[in-house]
Each structure stands twice: as C-alpha cells, then as structure tokens.
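Accompanying notes for the structure given below.
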Amino acid sequence: MANLTSPYALPPLPEYTLYPLPPLLPWISDAYLGPALLVIAYWAMSGFFHAIDTLDLFPQYRLHTPAEVLKRNRVSRWEVLRDVVIQQVIQTGVGIALTVLDKEAMGGREEWDVAWWAQWVRRAQWGIPGLLSLVGLDAKSMSSENAMLSGALAGGVYPELTQVVLQRGQEVVAPAFADWEIQVAKAIYHLGIPAIQFAVAILIVDTWQYFLHRAMHMNKWMYTTWHSRHHRLYVPYAYGALYNHPFEGFLLDTCGAALGYALTGMTTRQSMWFFTISTIKTVDDHCGYAFPWDPLQHLTSNNAGYHDVHHQSWGIKTNFSQPFFTFWDTFLGTKWTGGDVSARYERARLAAQKKIDTECSNSITGSEATESVREGAAPYTADVSNASSTARTTHSVTQPAIPRGKALYQAAGGRQQVLDDSSSTAGGRKILAEEAAEEVLAQQALRRSVRKRSQSSASAGLKGFADRVGESLQGKGTGVLGVENGR
C-alpha cells in the first residue's frame with residue numbers, strides 16, 4: 001500500500017456518475033413547471049389583492065380608492081385581463097424554449113462539487129501561518145488542545161485525517177477533509193454561490209429594465225407606440241402589473257429576466273425561484289397598498305408607493321427603476337424630487353369619490369419642496385423646452401401647485417407625455433382638464449364646509465395617511481410626504 005500523504009497534499013476529489021435529474025413533481029416536467037409557477041404566482045398574488053379590494057378589508061392602507069380606479073383609469077379591466085393573458089402566453093413560450101434548448105439537468109456530482117470547494121477551503125488555510133507572522137505570531141507556538149484548530153493554524157495540516165482510496169487500481173492512503181471544511185464547502189455551494197447568482201441577476205434585471213424603461217419615456221415614438229398602453233392605468237392594481245403592449249412586455253420583462261438567467265449560469269430550478277420572486281415583486285409594486293407588514297415593501301425602497309408616483313401625470317417621467325432597487329434613479333437623478341405628495345393623493349381621492357368631508361375645516365396644502373429647488377434640473381432640461389404651452393402651464397391652475405425647480409421640469413415633461421399619448425381613450429388634454437377640474441371642485445367643497453373638526457383630530461387623520469404613503473414612497477423619516485395644517 002503506497003502512502004502519498006504530505007503536509008500540503010490535498011484530499012482527492014470523489015468519483016461521480018451523472019444521471020438525468022428527476023422532475024420536482026412526478027407528473028410534470030421541470031421545463032413546464034417553471035413557466036407554470038409564474039402564472040400561478042401572478043394570479044395567486046393578484047387574486048389576494050383583488051379579494052382585499054372587493055371586500056374592502058384594509059381601506060386605511062390604500063394608496064387609491066375604488067372610485068379612483070373607476071374614474072381615473074383609461075382602460076377597462078377586461079382589456080387589462082386580455083393583454084396580461086397575451087403577455088403570459090409569450091412568457092410561457094419563451095420560458096419553455098429556454099429550458100428545452102438548455103442542457104438536460106443532470107445530478108450525481110453534488111459531492112464532487114462540495115469537495116472541490118473544500119479543496120479551496122484547505123488552500124485558504126495555507127496562508128494562515130504567513131498572515132500570523134505579519135503580526136509577529138508564530139503558528140507553531142499557538143498549539144491548541146483542539147486538533148482542528150491546531151491544524152488550521154498550522155496551515156491546514158491534519159496528519160491524523162486520512163482515507164484509503166483507489167488510484168489507478170491501487171489502494172493508497174490519502175488525506176481527508178475535516179468535518180468543518182465539508183460544512184463550510186456545503187455552505188458555499190448551497191448558499192453562497194446561489195446568493196451571488198441571485199444578486200448579479202437582480203443587478204442585470206434592474207439595469208436592463210431601468211434603461212429600457214427610461215428610453216421608452218424619453219423617446220416619443222417608443223412611448224406612444226408601446227409604453228403608453230401601460231400608463232393608461234393611472235391607478236395601478238395588482239393584476240394590471242403586466243398590462244403592456246405585447247412587444248414591450250417581451251422586450252422589457254421577458255428578455256430582461258432571460259438575460260439574468262443566462263448570464264449568471266442559474267440552473268432550471270434556481271430560475272424557478274428567481275422568476276417567481278420577480279413576478280411576485282412586480283405584482284406587489286402595482287398592488288395599490290402601503291402595508292406596514294408587507295416585507296416586500298420594506299426590503300427595498302422600490303415598492304408600491306414609489307412606483308405609484310411614476311403612474312401619476314406629474315411623476316410619469318420619474319421613478320423609472322423596477323422591480324427591485326432604486327439605485328439607478330438615485331445615481332442618474334430621475335427620482336421624484338417634488339417633495340410632499342400626500343396632498344395630491346388626498347385630493348385625488350376626494351375628487352374621485354365626490355364625497356368631500358364636510359366636517360374638515362383644514363385645507364390640504366402642498367408643501368414647497370426645497371429639494372426640488374436645490375437639485376439641478378438634469379436630465380429634464382430638454383423636456384421643458386420641448387413641452388407645449390399646455391403642458392408647461394397646467395401646474396398653474398391646479399392645486400397644490402408643483403414646487404419650483406427640478407420638480408417643475410419633471411411635471412412638465414410628464415404632462416407633455418400625457419398629451420402625446422394619442423392612443424388614450426379620452427385624449428391627453430381631457431385627462432389634464434379633468435384633473436384640473438377635480439382640484440377646483442375639491443377646493444370649492446372645502447371652502448363650503450360649515451362644520452369643523454378639531455384641528456388636532458384632522459391633523460392626526462391626514463398625518464396618518466401621509467406617514468403610511470410616505471414610508472412606502474421613500475422610506476421612513478425622509479419627509480417626502482408631509483402635511484401643513486391650516487391656512
């Protein structure tokens with residue numbers, strides 16, 4: 001029997017035999033299960049929020065009321081349902097094609113992969129004595145009663161760990177891995193590598209969707225031809241998340257997710273998790289609720305409130321980031337800077353419902369946004385110069401007025417895009433005119449109020465609304481949503 005052990009010999013990698021990986025569910029192939037999970041997740045989440053809408057279970061957390069859905073949206077629920085189904089058919093076809101064209105999923109080499117990473121854990125220990133010497137410590141003098149600790153400090157030397165293996169038909173004594181090395185390798189293989197793949201895939205999807213989404217707003221032809229369809233939903237709801245032009249849906253959502261999958265080397269089963277989570281996040285971003293207990297709305301700053309601003313006429317050319325993080329909006333200056341928007345949400349709610357609270361004596365005002373004045377106008381300078389007089393002056397007849405500075409540029413560009421949308425049922429001019437008329441009616445109704453609540457009660461009610469929507473829009477304590485009491 002030959003002995004090939006040496007102080008720095010690596011334990012050999014085990015042999016393995018590949019075999020076709022059986023499907024997760026015996027009655028359906030993984031190639032079909034993955035796309036099916038996306039459809040199931042989409043309609044399960046949408047059904048959950050639709051039930052909440054229908055039963056009116058949490059009205060205190062709504063961003064918009066049912067009346068706003070009916071009054072402000074420019075597309076019927078049936079048209080939304082039809083287009084979503086069309087996009088899901090396209091997504092399903094692409095998903096099946098990706099899986100079928102990919103290599104057949106094989107099993108049997110998991111132990112080999114774990115051992116490969118364990119070898120790198122052993123190699124990393126070789127540098128420990130050198131690192132200790134840099135700070136004046138001698139690894140040999142730092143012996144411990146714990147054999148594993150002593151071996152690690154000595155540079156991964158474990159003379160007591162051996163195994164008998166076959167090498168070229170002959171039995172040989174070879175080094176073996178310590179249990180802790182195998183556990184670390186398993187953590188790297190089963191948790192660390194997938195986490196890195198998911199993080200990179202998220203970066204790819206966010207980057208793809210931000211720049212393509214922004215391009216569809218900055219290019220008039222792309223907007224009016226494709227993206228304007230999605231913005232007929234001024235008041236988003238859950239199952240309208242994938243309401244898009246079919247080509248836009250394919251280009252923006254399907255291709256972006258496919259790139260994340262392909263470039264990160266995910267397995268088919270990893271892609272099931274990633275695509276399903278992305279679908280759930282997209283539905284949640286359009287749900288129309290600012291739930292304090294919804295983890296998806298707090299894990300990142302990109303949530304229902306943040307994206308809802310993008311669906312309003314005054315914020316349509318801001319907050320392009322989706323579906324996970326907002327770093328591109330922050331880096332490139334496209335995040336909404338108009339300050340307090342709680343007043344706009346409250347006025348839209350009152351106007352749409354046509355039920356002004358006659359007991360409210362406090363006028364709901366818009367605050368002057370110092371951030372808007374402080375920040376530069378980039379990248380919205382060209383929007384104002386290209387905007388029509390209607391788009392530039394609409395803010396002067398609606399209350400609360402758009403604050404001066406960058407927010408004014410953002411709103412002018414957004415309203416011009418509303419005017420450019422010739423495909424809208426009512427036309428852009430009518431949409432802006434209706435918004436202005438609603439604001440005027442709301443102001444008149446408030447002035448006619450003869451009964452008054454106590455100032456503290458009114459302030460507390462509106463402040464609660466502002467806090468809920470404000471946290472959803474920009475995170476806690478940012479002051480994006482605020483209320484000024486009285487006039």
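Summary table below
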| read-out | value |
| --- | --- |
| For region 107-177, with +1 on Lys and Arg beta carbons and -1 on Asp and Glu, the positive-most of LEU132, TRP112, PRO159 along the dipole | LEU132 |
| Debye intensity ratio in log₁₀ form over the Cα atoms of region 168-317, taken at each q of 0.16, 0.17 Å⁻¹ | -0.96, -1.05 |
| FRET efficiency for MET222 and VAL39, using Cβ-Cβ distance with R0 set to 25 Å, rounded to 0.05 | 0.35 |
| Solvent-accessible surface (1.4 angstrom probe) belonging to THR276, in square angstrom, nearest 10 | 30 |
| Burial ranking of peptide ranges 249-258, 159-168 (average Cβ count within 10 Å, highest at the top) | 249-258, 159-168 |
| Accessible surface ranking that places the most exposed of LYS71, LYS317 first, with a 1.4 angstrom probe | LYS71, LYS317 |
| Lys, Arg +1 and Asp, Glu -1 on Cβ, resulting dipole of region 107-177 about Cα centre, debye, nearest 20 | 220 |
| Relative contact order (%) - region 107-177, alpha-carbon pairs under 8 angstrom, separation at least six | 23 |
| Cα pair distances of region 107-177 binned at 10 Å [whole percent] | 18, 38, 29, 13, 2 |
| Paramagnetic reach from ARG429 in region 292-316 [backbone N under 14 Å; point 7 Å along Cα→Cβ] | none |
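The values are calculated or read from the model by the stated rules, or taken from the named source; none is laboratory data. For clarity, every value in this text was computed on a predicted model and none was experimentally measured. Cβ sites come from the backbone with ideal geometry, for glycine too, and all protein chains shown count toward neighbours. Calculation scope for accessible area: heavy atoms of the full protein, side chains included, ligands and nucleic acids excluded. Shrake-Rupley method; radii C 1.70, N 1.55, O 1.52, S 1.80 Å.
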